[in-house]
Amino acid sequence: MVEKISLSLLPDNTTISEDGMIVFAGVRADDLAKEYGTPLFVYDEEHIRQRCREAVNAFPEGVSYAAKAFLSKAMASLAYEEGMGLDVATMGEAYVALQAGVPARKLTLHGNNKSFDELQYAMDKGIGKIVIDSFDEIAKIEQLFSAGDTPIKALIRITPGVEAHTHEYITTGEEDSKFGFTLSTGLAEKAIDIVNNSKAIELMGIHAHIGSQVFTEESFRRSTEMLAELANRFSLPELCVGGGLGVPYLNDESSISIAEWGAIVRKVCEERGVTAEITAEPGRSIVASAAVTLYTIGTIKELEGIRTYVAVDGGMHDNPRPALYGSGYETFLARDTDSERDMPITLVGKHCESGDVLVRNGSIPSSAAIGDLLVTPVTGAYGHSMGSNYNKVLRPAVVFVKSGQAELVIRREGLEDLLTTDMG
Ligand SMILES: Cc1ncc(COP(=O)(O)O)c(C=O)c1O
């Protein structure tokens with residue numbers, strides 16, 4: 001027997017109807033599946049807005065939403081409306097944000113290997129800031145700069161050498177990293193010196209992002225301490241602590257809130273007399289638990305004495321995290337959140353890979369049958385955005401739900417979308 005799904009993993013405005021169906025912001029899961037099909041990403045709009053407001057309160061001097069977690073025009077304009085800037089990691093993310101009406105000055109461009117085209121695009125569009133990641137990037141900017149141009153505002157990305165205690169693929173602040181300038185070897189100071197003397201760049205401050213899905217408060221503290229020392233030493237106007245705050249995916253997990261994270265960072269800065277503006281760029285903690293994915297069960301295969309495979313109509317194309325990082329998820333039946341989940345299962349997708357697993361060690365009520373709707377919570381971050389067309393599967397739709405209404409923000413792909421770039 002495995003306990004019922006913890007409602008704390010679900011979007012804020014989730015309820016259960018009298019007949020047992022799960023309801024997101026006033027919209028029943030079965031109605032959503034009927035209208036939009038499955039797999040379907042369902043985002044609780046008010047939940048996202050609430051997390052944006054929490055972030056703005058936690059970092060009143062400036063906070064950007066890390067668009068890589070989930071990006072669509074609706075998401076970009078929502079974050080902007082709530083007072084956030086946008087952290088974009090490529091020209092593509094910048095393009096979507098600009099198309100959504102976010103002013104260029106509210107964008108910060110990241111990337112460890114920005115191309116000439118991307119840097120030129122940032123300059124032409126008047127993107128607010130770029131985060132410089134390498135000496136080659138400084139040289140590229142200087143090459144693109146002509147006398148009379150306005151220098152581009154920039155932060156320098158520091159690698160503080162702090163262990164984030166997360167999956168190695170999403171650790172980014174250790175010394176052995178492709179990101180940023182190492183502090184311990186003096187490269188960070190060298191980069192600050194070069195940029196300070198560059199006519200093409202106006203140095204605004206420093207930045208560090210130690211990794212994603214970080215639960216260790218001490219790691220945030222250590223990284224902020226190192227940034228604080230550097231910001232003070234060079235009298236820099238901005239200190240950005242990046243993102244990374246972990247969120248619970250499983251019933252027995254817990255994390256600190258965005259407000260608590262902000263308080264930890266501010267306390268370290270206060271203790272060290274930092275005068276720089278303290279900024280941040282959370283992604284996962286804004287959107288992860290705002291969404292669920294709805295799937296339809298297509299096959300149940302019971303391998304006696306081994307395991308029961310439940311296959312749904314999605315898979316690694318809508319959520320590659322389990323295949324990439326071995327990430328854990330819960331799953332439950334949309335029509336029955338009340339029964340014990342007494343049947344151990346492995347939830348798999350429809351791809352031609354044994355690694356196409358959505359929930360390795362899940363459990364659902366044994367009444368589950370073909371055609372039933374399954375829900376996986378906490379799929380709002382790095383699900384749709386990391387998705388693919390592998391096996392020429394059509395990417396799912398995304399809806400925002402609010403006050404009993406659903407709004408389609410990304411339509412489901414059709415077969416014709418598979419050939420839009422195919423030249424024949
Ligand atoms: C530079 C940078 N900032 C912010 C983020 C957002 O991190 P998270 O979604 O964990 O908050 C990332 C994600 O990896 C990142 O690389």
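Considering segment 247-283, and only residues there that are of a type in the set (Val, Ile, Thr) and touching a helix residue (DSSP H, G or I) at 6+ places or on another chain (Cβ under 7 Å), the residue that is farthest from Met386 (Cα to Cα) turns out to be Val274. Of all residues in segment 114-131, those that are under 18 Å from Pro103 (Cβ atoms) and in contact (Cβ under 8 Å) with a residue 40 or more places away in the chain have Cβ atoms under 8 Å from Cβ atoms of residues that are assigned to a helix (DSSP H, G or I) and within 16 Å of the ligand (Cβ to nearest atom), 6 or more apart or on another chain, in Gly128/Lys106.
Please find, within segment 128-155, the residue that is surrounded by the most Cβ atoms within 10 Å (Cβ to Cβ) out of those that are of a type in the set (A, V, I, L, M) and closer than 14 Å to Lys114 by Cα. That would be Ile132.
Rundown of residues vs (1) touching a residue at least 24 places away in the same chain (Cβ under 8 Å); (2) part of a loop (DSSP other than H, G, I, E, B); (3) of a type outside the set (Lys, Arg), yes/no style:
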{"site": "Asn319", "(1), (2), (3)": "yes, yes, yes"}
{"site": "Leu324", "(1), (2), (3)": "yes, no, yes"}
{"site": "Tyr329", "(1), (2), (3)": "yes, yes, yes"}
{"site": "Ser339", "(1), (2), (3)": "yes, yes, yes"}
{"site": "Lys350", "(1), (2), (3)": "yes, yes, no"}
{"site": "Gly362", "(1), (2), (3)": "yes, no, yes"}
{"site": "Ala369", "(1), (2), (3)": "yes, yes, yes"}
{"site": "Val375", "(1), (2), (3)": "yes, no, yes"}
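Restricting Ser403, Ser367, Ser385, Ser363 to residues that are surrounded by 16 or more Cβ atoms within 10 Å (Cβ to Cβ), more than 22 Å from Gln213 (Cα to Cα) and polar (S, T, N, Q) narrows the list to Ser363. When restricted to residues that are closer than 23 Å to Ser363 by Cβ and in contact with a helix residue (DSSP H, G or I) (Cβ under 6 Å, 6 or more places away or on another chain), segment 1-20 contains 1.
Just to verify a result, which residue in segment 302-333, among those that are aliphatic (A, V, I, L, M) and crowded, with 23+ Cβ neighbours inside 10 Å, is nearest to the ligand (Cβ to nearest atom)? Let's see the steps before the verdict.
If we filter segment 302-333 for residues that are aliphatic (A, V, I, L, M), which is where we start, we get 303, 306, 310-312, 316, 323-324, 333.
Narrowing further to those that are crowded, with 23+ Cβ neighbours inside 10 Å: 310, 312, 316, 333.
On the way: Val310: 29, Val312: 26, Met316: 20, Leu333: 29 Å.
Checked segment 302-333; the qualifying residue nearest to the ligand (Cβ to nearest atom) is Met316.
Output yes when any residue across segment 5-16 is in a loop (DSSP other than H, G, I, E, B) and modelled with pLDDT under 95, and no when none is. For segment 5-16, residues in a loop (DSSP other than H, G, I, E, B) and modelled with pLDDT under 95: present.
So that you can scan it fast, the table gives a plain yes or no per residue for (1) within 18 Å of the chain's Cα centre (by Cα); (2) at pLDDT below 95:
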position: Ile194; (1), (2): no, no
position: Ser198; (1), (2): no, no
position: Gly211; (1), (2): yes, yes
position: Ser219; (1), (2): no, yes
position: Glu229; (1), (2): no, no
position: Pro237; (1), (2): no, no
position: Cys240; (1), (2): yes, no
position: Gly243; (1), (2): yes, no
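The lone criterion from (1) more than 14 Å from the chain's Cα centre (by Cα); (2) more than 20 Å from Ala291 (Cβ to Cβ) left unmet by Ala74 is number (2).
Every condition in (1) surrounded by 20 or more Cβ atoms within 10 Å (Cβ to Cβ); (2) under 21 Å from the mean Cα position of the chain (by Cα) is met by Gln50 except one, and the failing one is (1).
Does Tyr390 satisfy the condition of being of a type in the set (Phe, Trp, Tyr) and either modelled with pLDDT under 95 or within 16 Å of the ligand (Cβ to nearest atom) (or both)? Step through it out loud before you land on a result.
Values: of a type in the set (Phe, Trp, Tyr): yes; either modelled with pLDDT under 95 or within 16 Å of the ligand (Cβ to nearest atom) (or both): no.
Criteria not met by Tyr390.
Only helices (runs of 4 or more DSSP H) wholly contained in segment 64-156 count here; list those with 2 or more residues that are within 16 Å of the ligand (Cβ to nearest atom).
On the way: elements: 73-81, 91-99, 116-125, 135-144.
Ranges flagged: 73-81, 91-99, 116-125.
The values are calculated or read from the model by the stated rules, or taken from the named source; none is laboratory data. What you see is a predicted model, and the numbers here were worked out from it, not measured in a lab. With ideal geometry, Cβ positions are generated from the backbone for all residues, glycine too; neighbour counts draw on all protein chains shown.
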